[in-house]
Amino acid sequence: MKTEICEKRMDEFLMLDKNERIPLSVTLHLFRCKKCRTQVRCLLLAEKCAGKPLEQKLIKEQLENMEVKPVSMKKWIIWGIVMLVMMVTFGLFLNKIDRTGFSIIFNVIFGVLVTVYCATFIGTNIDFFVKKI
């Protein structure tokens, strides 16, 4: 009689999908039956051991397929220099005018430009930064 119940509960356990919730009847049976509990532990351990080589192989393939796209620094350096030249030119021009209002506007505009420049640089090269880190 007990083997029939054990077989029935083990069949219910084996019909479950991976990570599916174990029914209450099977859980209660596993609490009471040491033989079935040991069998379930062995099955779970076997599944874990069988999945390791596959998991390691997939990780290795993913690492091999990862390509780090080279970042072209030429255009970023050119635009950075252009931006610095503009900042210095307008800064000298505003010093000659000697208007405080223009100076504040100038500083805010170039602050926004530098922020946009840096954000664009990081945003367009995010793959490079993520894969290198």
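None of the figures in this text is laboratory data; all of them are computed from the coordinates on show. All figures in this text were calculated on a predicted structure; none of them were measured in a lab. Positions of Cβ are backbone-derived with ideal geometry, glycine not excepted, and every protein chain shown enters the neighbour counts.
Here are the numbers:
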| read-out | value |
| --- | --- |
| Separation of the residue 109 and residue 27 label points, Cα + 7 Å toward Cβ, nm | 6.8 nm |
| Virtual spin-label span in nm between residue 57 and residue 7, 7 Å along Cα→Cβ | 3.6 nm |
| Counted charge near residue 81, where neighbours are those whose Cβ lies closer than 14 Å (Asp, Glu -1; Lys, Arg +1) | +2 |
| Principal axis dimensions, largest first and in whole angstrom, of the range 7-52 by Cα | 30, 20, 15 |
